[in-house]
Every structure is written in C-alpha cells, then in structure tokens.
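Participant: A single structure is presented below for examination.
All of the numbers you see were taken from the coordinates with simple rules; none came from a lab. Remember, it's a predicted structure, so these values are computed and weren't measured experimentally. Note: ideal-geometry Cβ built from the backbone for every residue, glycine included; neighbour counts use all protein chains shown.
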Amino acid sequence: MAQDTNGVKDAGPWIAAANPTYTVLIDEKHVVSKLYNMVNVPTGVWIDEHGKIVRPNEVAFVDDRFKNFTGLDSAPYLNALGDWVEKGSRSAYVMNEARLREKLAVNNPDVLLAAAEFGLAENLYKSGHLAEAIPHFKEAQRLNPKSWNYKRQAYALSNAQRDYGTTFNEEVQKAGGSKVYYAHPDLSPSPPKDQKP
Amino acid sequence: MKNRSRVCFFLLFLAMPCLSLPSRATVATIIYDDKATLVSTAELSRDQLWVTTADLKLATGFELKPQGVCRDELCFPLSGSRKQELTRKNAGTMWFNLTGFARLVNQPIAHDPELAVWYFGLRSDQRQGLAALQAPDFTLADRNGKSHSLSEFRGKRVLLLTWASW
C-alpha cells in the first residue's frame, strides 16, 4: 500500500521496477494510515482468514536494504512472519487481545483530528494551494507528533527547510538518531495458550 | 416605572443577537469520505455549516428520513430536540447543520476559512471495526487502475504492508 499523495506518478515507477507477484495498491489519500492509525512506513499488520487483526502496526522491514540507516535486521520479523504463515492462530507471534488494543491508538481525539487536518492539507495541495496547505500539515504534525508520515509526506511536497524550518534528517537527529528512529518490533513470543484437556 | 422600562428595553437590545440567527451565504467545498463536492448555496451561522438537504445527499450520501439521518442501512436517529437543533425550514427549503451532525457522530472536522473548505474525518461507525479488532476494509486501485478491496482476501492470511516513495 503506497502512501503517496501524488499517487501513481510517484509510486508507479517503484512498482514497475519491483515487478511484484503480490497485490500492490496506491493509496494517495493515506486511507490505510488513517483507518489503522499508522505513523510511519514500512508498517505491517497481520490479518487472519476471518478479517481479524492478529498483529497490528509495527515496523516491518522485509529486507535489509535500509539496515545501515536503521540498524534493524529483517530476519527476526521474517522468521515470525514465516511462523504465522505455517501455524496460523497457533503461532506464538499472534498477539493476545490486550496487547492488540494497547498497540492500536483507537479513538484518541488528537490523533483523529490530526488525520482530518492532514486530509484537508492534502486536498488543498492537490487543488494547487500549497501555501494554504502548509498550516494544516503543521497542525496535523502538532496534534500527532508520533506520526512520521505527516512529516515525511509534507516535507516531500515542498521545500522542508523553507516551509517547515527543518529537514527529515534534522528531525531524525532530534529523535535520537537513525538507529532509534524506528521503534523495533516487539517479537517476543506470546506464552503458549492454555491447553484444555 | 420609567426607569424599569428603560432597563427592559436595554436587556431586549442585548438579547437581540441571541434571538436572531445571523447567517451568511457561502460557497463551500465539502470533503466527505474523501470525496470533494462544491456546494454553491451553503450558509454559515455562528461557525456552523448549514447545507440544504439536497446538497447533504449530494456531498455525503446521507438523507433526512423519519427514522433519522440515513445512508443505505446506516441510520443515526434524531431525537426531537436534536432534530430542532440540526434542521430548519426556510422558504420551503429544508436546511441541515452538517457540522452539528459531525459532533453528534464524533466526527473530527478540519476547516480552512479562507478557501471555505471543510474536511470531515472518520465517523464513530467507521472506527468501530478497529476497536473490535476487525481489519477496517478499504478499496484502492493498483498501478493499472484496477480496484481491489481488502475484503476480497477473506479466507486467506494477509500481510498488510505500507510503504512510500518519499
């Protein structure tokens, strides 16, 4: 799911180059990030056969091309993913409901309003009003400071230094550097479920 | 007696702005469920956006029905006092308070006064799925414009993965 305001223009060449065998969709209104309260890319969610979320919103690198920047090894995530593919609901990486709810920022009023400000900003940008969009992009960033999507997408649509007084790299440094910028996925296996005789 | 009537007159004068409903006509762009609609006959009254029920249907798909504000199977009932608060009839035209309705359904609103654009976010009903740990459904196009919905993958395990070019 490409979170790209400029849609196929920006995301298309990457998809063409990857020539994927799986489904790749283009989300120019960041609908998926809004519906699932996601704050960065790449973010992974596991959904079971019944449409139920079994692992939500976590950093999900499926290869090591950004390892030098993030310090994140993709192997533990891929290992957990393989375990789920093999064992389904019996996988130790399927989260219990208490942990799932904790990780999904459901009904946080600031997060909801931030998504509306971001949606408005995107719409203004697309109708040729970048200058008017910037205050709304900033308001989205203020209301949901955890969202890197709101920063990164807005910076990519203009001159970040000129319009936001910062850059992506500066923001990463402020957050403690690239090695801690991505919260590492919590891949500690759940304790085995109680087996009933 | 004379003084008293002067006080009453003064109070009445103060109350005037409360009794009347000062409103001004505006053109509004309404973004609802991520679809933008230009409405040429909206009214702004004390920061509330009023639209005709015809424009309500056009911009949001919702209609005023005896059972409430409805779209297909979805209906938000309106009690007597709510109905009074959210609707009014003027010269044969029915008007609906869209921003008041948004508050009723816990829907965030972002507004740009200069360009008269209103963005309505996710209503409470659109957030129930996530709260119940059911993966919210969506429909998006691939690179070739072909639409796919998450619900088409029911019966399979799905890894939903976001990325971006930026």
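Participant: Could you list the residues of the range B:22-62 with an amide nitrogen less than 19 Å from a label point located 7 Å from the Cα of residue B:151 in the Cα-to-C-beta direction?
Facilitator: Inside the label zone: B:33-35, B:61-62.
Participant: Could you put B:166, B:50, A:14 in order, starting from the residue whose Cβ has the fewest other Cβ atoms within 10 Å?
Facilitator: Ranked by crowding around the Cβ, least crowded first: A:14, B:166, B:50.
Participant: Hey, another quick one. With chain B treated as a Gaussian network of Cα nodes joined by springs under 10 Å, which of B:140, B:98, B:122 yields the largest mean-square fluctuation?
Facilitator: Residue with maximal mean-square fluctuation among B:140, B:98, B:122: B:140.
Participant: Another one. If you average the alpha carbon positions of the range B:20-60 and of the range A:78-132, how far apart do those two centres end up, in angstrom?
Facilitator: That distance is 31 Å.
Participant: With a ≥ b ≥ c the root eigenvalues of the C-alpha gyration tensor of chain A, is it rounded (a/c under 1.5), prolate (a/b larger than b/c) or oblate?
Facilitator: It comes out prolate by the Cα gyration axes.
Participant: For residue B:73 and residue B:131, FRET efficiency with R0 = 22 Å and r from the beta-carbon atoms, rounded to 0.05?
Facilitator: About 0.65, to the nearest 0.05.
Participant: Charges at C-beta only: +1 for Lys and Arg, -1 for Asp and Glu. How large is the resulting dipole of chain A about its Cα centre, in Debye rounded to 20?
Facilitator: With Lys and Arg at +1 and Asp and Glu at -1, about 240 debye.
Participant: Treating the beta-carbon of each Lys and Arg as +1 and of each Asp and Glu as -1, no other charges, what is the dipole magnitude of chain B about its Cα centre, to the nearest 20 debye?
Facilitator: Computed about the Cα centre, the dipole is about 640 debye.
Participant: If one computes the Cα centroid of the range B:91-166 and of the range A:143-177, what distance in Å separates the two points?
Facilitator: Cα centroid to Cα centroid, the span is 25 Å.
Participant: May I pose another question? Of B:126, B:45, A:155, which is farthest along the charge dipole of the protein assembly as shown in the positive direction, counting Lys and Arg as +1 and Asp and Glu as -1 at C-beta?
Facilitator: After comparing all options, I get B:45.
Participant: Could you tell me the relative contact order of the range B:25-126? Use alpha-carbon pairs under 8 Å, at least six residues apart, and round to a whole percent.
Facilitator: Over the range B:25-126, the number comes to 27 percent.
Participant: What is the magnitude of the charge dipole of the range A:20-117 about its Cα centre, with +1 placed on the Cβ of each Lys and Arg, -1 on the Cβ of each Asp and Glu, and no other charges, expressed in debye to the nearest 20?
Facilitator: My answer is approximately 160 debye.
Participant: Pick out, from A:42, A:77, A:56, the residue whose Cα sits farthest towards the positive end of the charge dipole of the range A:7-103, with +1 on the Cβ of Lys and Arg and -1 on the Cβ of Asp and Glu.
Facilitator: So the residue furthest toward the plus end is A:56.
Participant: Given labels modelled 7 Å from the Cα in the Cβ direction, how far is it in nm from residue A:174 to residue A:62?
Facilitator: Using points 7 Å along Cα→Cβ, the separation is 3.3 nm.
Participant: Return the single residue from A:15, A:26, A:53 with maximal mean-square fluctuation; model: Gaussian network over chain A, springs between Cα atoms under 10 Å.
Facilitator: A:15
Participant: Please give me the summed charge of the neighbours of residue B:63: other residues whose Cβ is under 9 Å from its Cβ, Lys and Arg +1, Asp and Glu -1.
Facilitator: Every neighbour counted, the sum reads +3.
Participant: Here's another thing I want to ask about it. On average, how much area does the Cα convex hull of the protein assembly as shown cover when viewed from any direction, in nm²?
Facilitator: So the mean shadow area of the Cα hull is 26.4 nm².
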